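The next block holds one structure in the form of structure tokens; read it before the comments.
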Amino acid sequence: MPAPEKLPPSKLFNRCDPGLFTFETTSELDGTSEIAGQQRALQAIRLGMNIRHNGFNLFALGPSGTGKQSTVLQLLNTLSSEKKCPDDWCYVHNFKKPESPRAIRLPAGHAIRLSNDMNHLVETLFSIMPGVFSSEEYQMREKQIRESFQEKHDNAIKELERNAMEHKIALIRTPGGFAFAPKHKGQVIESDDYMRLKKDVRERIEHEIDRLRERLQSIMAKDPKGQRERAEKIKELSREVSGFALKPLMDELKTKYREIEAVRSYLDDVENDMIENFGQFLEKEPSEPALFIMPSARPNGPWSFLIRYQVNVMIDNGNVRGAPVILEDKPACQNLLGKIEHTSQMGTLVTDFTLIKPGALHRANGGYLILDARRLLLEPFAWEALKKAIRTQQICIESLAQLYSLVSTISLEPEPIPLEVKVILLGERRLYYLLSSYDPDFNELFKIAADFEDNMERSHETHLAYAHLIGSMALRDNLLPFDRAAISRIIEHGSRLAGDATRLTSNLQAICDLVHEADHYASGTDRKYVTIEDVETVLDAQRYRASRIQERLRDAMMKGSILIDTSAEKSGQINGLSVYSLGEHLFGAPTRISARARIGKGEVIDIEREVEMGGPIHSKGVMILSGFLGSRYAAEHPLSLSATLVFEQSYNGIEGDSASSAELYVLLSAISGIPLRQWLAVTGSVNQHGQVQAIGGVNEKIEGFFDLCCQRGLDGRHGVLIPASNVRNLMLGKEVIKAVESELFSIWPVSHVDEGIELLTGIPAGEPDATGAWPAGSFNARVY
């Protein structure tokens with residue numbers, strides 16, 4: 001198998017030509033950003049937002065920073081403008097069941113109007129009620145009622161007095177009431193004279209007095225009843241008069257809201273309550289501030305009764321155009337469902353319907369609610385409360401403190417409000433799949449998944465989308481315009497972040513950070529726009545800020561603390577390439593891999609696995625090597641081999657199979673005794689057939705080995721073997737490209753281990769003949 005050709009410089013970097021853009025700077029663009037490369041997610045969002053059946057809520061899944069939120073907001077703002085504006089909602093006092101305030105639905109803008117009308121009604125009644133009850137007609141009719149009942153009482157007393165006179169007994173009025181005394185010749189008999197009367201005369205007089213006293217008691221017993229009847233008659237008169245004064249005002253309101261049955265019913269209850277409690281409006285009229293101070297400040301004040309005539313406007317959509325789009329940044333349970341506030345009174349928490357506060361579901365009712373899934377799940381009770389609201393299609397406000405018996409409070413049970421909302425959750429893929437697997441309600445309530453791409457196809461369309469995105473950032477954040485060369489460099493960096501020369505990253509947050517830093521550097525000059533030099537300055541500064549560990553590691557290699565050979569030829573030793581992740585910064589570095597082989601029972605021992613420092617994927621890669629060796633060199637007899645593999649000076653865990661091709665090369669070198677060229681580094685995984693497969697982080701790995709070789713001095717021999725399938729991922733730094741152009745560094749694409757063997761040893765690998773024999777002098781013959 002012939003050795004592959006090394007890659008030309010044109011294959012190492014996919015350049016974006018600034019000449020393809022028709023503008024000079026982003027100031028010539030219209031400032032709008034385009035959504036590109038997310039057609040799958042956009043289609044899912046449109047379906048989820050337009051379908052009206054239950055459960056078709058949306059989960060937008062993808063890595064953080066891919067623009068899920070901005071994309072959803074941009075699309076929803078477009079869709080919502082075409083939707084009908086939702087109705088208003090308010091809570092009012094329930095006169096029949098005060099602990100359960102009534103929820104009333106009104107057309108948009110009517111809730112505030114009703115609230116103002118009720119306040120105006122109360123103010124008007126304070127003005128007209130005292131005048132009505134002080135009118136001559138009312139005073140005359142009240143006087144007639146009082147005089148009528150008084151006349152009955154007086155007539156009964158007079159009749160009793162006449163009856164007593166007929167029996168020569170006087171009815172005497174005293175400060176303590178009435179008394180009876182015998183009379184003689186028109187004069188009350190003195191007590192001494194009375195005792196001198198005959199006994200039978202005294203008995204007769206006492207008998208008559210007892211009879212008269214019984215009649216007097218009977219008259220006096222009827223007096224409280226008469227007073228009650230009189231009070232009831234006066235109250236009926238007052239109801240009649242107050243109703244007469246209130247009726248025109250209420251009729252006007254009922255006519256105004258005649259199309260809304262719930263409001264008409266409420267106004268009927270208000271009218272009956274006001275007539276029943278007319279006396280409240282006869283007090284001295286309160287000042288205007290007293291009418292509208294917080295109810296909590298006046299729980300038992302003289303005007304506390306006015307609270308029940310107020311209207312608690314929960315949602316006012318009077319100024320809303322289209323359906324509301326609500327983004328709730330802190331999805332706590334009370335922030336979602338609303339809450340019932342309390343005020344302290346005599347050591348007890350009390351409340352009323354005016355202290356009911358709306359939540360995000362109220363504000364989004366009839367529209368769209370956007371929530372961050374991770375933040376939602378971190379809030380106690382919020383996830384279950386949201387699911388219950390979606391499932392029951394109503395918003396039920398509950399006091400968590402009372403629900404879980406945390407405090408002793410007097411609370412309310414507001415009437416639930418019907419819910420019609422589309423909920424959009426934003427989260428990472430792992431969270432979506434965990435919920436889908438472990439929450440039985442999730443798939444029922446969130447039937448649509450909008451899967452956002454990590455990256456997008458690189459094309460003229462996506463290049464323009466990047467340019468428009470940067471232009472909109474500059475306009476929105478008051479940044480300097482970017483020239484087209486700077487745009488081209490940012491697009492090239494977008495490919496580097498995507499790890500693919502044919503694609504662009506969808507991590508818009510990283511692009512946004514780069515744009516702001518470039519503007520910062522350009523603002524310190526006299527330039528009127530951001531240039532490619534500013535972008536390069538930012539990229540260099542970002543690498544420098546994150547390179548401390550990378551430099552310390554390379555210094556250790558230069559000083560010999562970490563043994564990496566880049567100039568000799570040695571058997572059983574090779575330079576593998578690893579990638580280190582420090583936050584969002586990735587860098588590559590060479591790692592020495594060594595192997596030892598001897599006669600044995602066909603075992604390839606992975607020392608990393610034996611000491612539990614190797615992950616399962618790495619262990620799988622090593623086990624694949626045993627399959628390759630057995631099938632290639634010991635198909636007809638036992639594999640009489642015992643070998644050990646290890647990553648030298650590795651003190652952390654090893655994971656991944658990207659070093660399996662390097663492990664195979666070093667193992668074959670240890671078996672054959674043929675030395676490997678240490679000035680070449682190797683990356684790539686391998687399968688049981690010896691095919692070299694793609695790996696990740698290829699750019700960082702190449703640059704990590706290049707930096708070490710460059711610091712030691714390039715001599716034209718240094719290079720890296722990479723999988724041929726990774727060529728499309730190359731977006732290397734300008735220093736590497738310059739070295740390749742000067743033929744000081746080489747990059748070799750390898751498809752099979754036999755190709756790599758010839759590059760690493762200078763000896764042909766050899767292919768078996770028809771009998772299975774290897775050519776004499778070939779590398780494979782030596783291994784066999």
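The values are calculated or read from the model by the stated rules, or taken from the named source; none is laboratory data. On a predicted model such as this, the values are computed, not experimentally measured, just so you know. No Cβ is skipped: glycine too gets one built from the backbone with ideal geometry, and neighbour counts run over all protein chains shown. Heads up: the accessible areas ignore ligands, DNA and RNA and are worked out on the full protein's heavy atoms, side chains in. Shrake-Rupley method; radii C 1.70, N 1.55, O 1.52, S 1.80 Å.
Below, the figures for the structure above:
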{"quantity": "Per-region count, region 477-531, residues open to solvent by 60 Å² or more (accessible area, probe 1.4 Å) and of a type in the set (A, V, I, L, M, F, W, C)", "calculated": "1"}
{"quantity": "Some residue of region 371-379 being open to solvent by 40 Å² or more (accessible area, probe 1.4 Å), in contact (Cβ under 8 Å) with a residue 60 or more places away in the chain and either of a type in the set (A, V, I, L, M) or out of contact with any helix residue (DSSP H, G or I) (no Cβ under 9 Å at 6 or more places or on another chain) (or both)", "calculated": "no"}
{"quantity": "Residue list for region 526-574, filter: of a type in the set (Asp, Glu), out of contact with any strand residue (DSSP E or B) (no Cβ under 6 Å at 6 or more places or on another chain) and not in a loop (DSSP other than H, G, I, E, B)", "calculated": "GLU533, ASP534, GLU536, ASP540, GLU551, ASP555"}
{"quantity": "Count - residues of region 256-278 that are farther than 23 Å from ILE417 by Cβ, assigned to a helix (DSSP H, G or I) and not charged (D, E, K, R)", "calculated": "4"}
{"quantity": "Which numbered condition ALA486 misses (of (1) within 19 Å of ALA541 (Cβ to Cβ); (2) not in a helix (DSSP H, G or I))", "calculated": "(2)"}
{"quantity": "Among residues of region 176-202, those that are modelled with pLDDT under 70 and in a loop (DSSP other than H, G, I, E, B), counted", "calculated": "4"}
{"quantity": "Some residue of region 638-657 being within 16 Å of ASN780 (Cα to Cα) and among the aliphatic types (A, V, I, L, M)", "calculated": "yes"}
{"quantity": "Pair list, Cβ under 7 Å, 6 or more apart: region 472-492 residue basic (Lys, Arg), other residue surrounded by 23 or more Cβ atoms within 10 Å (Cβ to Cβ)", "calculated": "ARG489/VAL535"}
{"quantity": "Flag if ASP451 is under 21 Å from VAL72 (Cα atoms) and touching a helix residue (DSSP H, G or I) at 6+ places or on another chain (Cβ under 7 Å)", "calculated": "yes"}
{"quantity": "Unmet criterion (only one of (1) modelled with pLDDT of 85 or more; (2) more than 30 Å from ILE112 (Cβ to Cβ)) for MET346", "calculated": "(1)"}
{"quantity": "Criterion: over 18 Å from VAL682 (Cβ atoms), open to solvent by less than 50 Å² (accessible area, probe 1.4 Å) and either in a loop (DSSP other than H, G, I, E, B) or of a type outside the set (D, E, K, R) (or both) - qualifying residue of THR644, THR591", "calculated": "THR644"}
{"quantity": "Subset of region 660-709 [of a type in the set (S, T, N, Q), surrounded by fewer than 22 Cβ atoms within 10 Å (Cβ to Cβ) and in a strand (DSSP E or B)]", "calculated": "GLN691, GLN693"}
{"quantity": "Which numbered condition ASP565 fails, given (1) under 30 Å from ALA498 (Cβ atoms); (2) charged (D, E, K, R); (3) open to solvent by less than 40 Å² (accessible area, probe 1.4 Å)", "calculated": "(1)"}
{"quantity": "Failed criterion for THR25 (all others in (1) without any contact (Cβ under 8 Å) to a residue 12 or more places away in the chain; (2) closer than 30 Å to TYR529 by Cβ; (3) in contact with a Gly (Cβ under 9 Å, 6 or more places away or on another chain) hold)", "calculated": "(1)"}
{"quantity": "Odd one out for ASN443 among (1) more than 24 Å from THR537 (Cα to Cα); (2) assigned to a loop (DSSP other than H, G, I, E, B); (3) polar (S, T, N, Q)", "calculated": "(2)"}
{"quantity": "Selected residue (only one of GLU663, GLU608 is modelled with pLDDT of 80 or more and out of contact with any Cys (no Cβ under 7 Å at 6 or more places or on another chain))", "calculated": "GLU663"}
{"quantity": "Any hit, region 746-753, residues being under 21 Å from GLY684 (Cβ atoms), part of a loop (DSSP other than H, G, I, E, B) and of a type in the set (Ser, Thr, Tyr)", "calculated": "yes"}
{"quantity": "Among the candidates LYS68, LYS96, residue that is among the charged types (D, E, K, R) and out of contact with any Leu (no Cβ under 8 Å at 6 or more places or on another chain)", "calculated": "LYS96"}
{"quantity": "Residue within region 69-77 that is farther than 30 Å from HIS468 by Cβ and at pLDDT 85 or above present", "calculated": "no"}
{"quantity": "Of residues in region 1-47 being surrounded by fewer than 12 Cβ atoms within 10 Å (Cβ to Cβ) and among the β-branched types (Val, Ile, Thr), the one farthest from HIS460 (Cα to Cα)", "calculated": "THR32"}
{"quantity": "Among the candidates ASN54, ASN50, residue that is open to solvent by 30 Å² or more (accessible area, probe 1.4 Å), of a type outside the set (A, V, I, L, M) and touching a residue at least 60 places away in the same chain (Cβ under 8 Å)", "calculated": "ASN54"}
{"quantity": "Subset of region 542-562 [small (Gly, Ala, Ser) and either in contact (Cβ under 8 Å) with a residue 12 or more places away in the chain or buried (at least 20 other Cβ atoms within 10 Å of the Cβ) (or both)]", "calculated": "ALA546, SER547"}
{"quantity": "Selection within region 81-93 - at pLDDT below 85 and among the hydroxyl-bearing types (Ser, Thr, Tyr)", "calculated": "SER81"}
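Every residue, every condition in (1) within 23 Å of VAL313 (Cα to Cα); (2) at pLDDT 90 or above; (3) out of contact with any Ser or Thr (no Cβ under 7 Å at 6 or more places or on another chain), yes or no:
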{"position": "ASP352", "(1), (2), (3)": "yes, no, yes"}
{"position": "HIS362", "(1), (2), (3)": "yes, yes, yes"}
{"position": "GLU379", "(1), (2), (3)": "no, yes, yes"}
{"position": "GLN402", "(1), (2), (3)": "no, no, no"}
{"position": "SER411", "(1), (2), (3)": "yes, no, no"}
{"position": "PRO418", "(1), (2), (3)": "yes, yes, yes"}
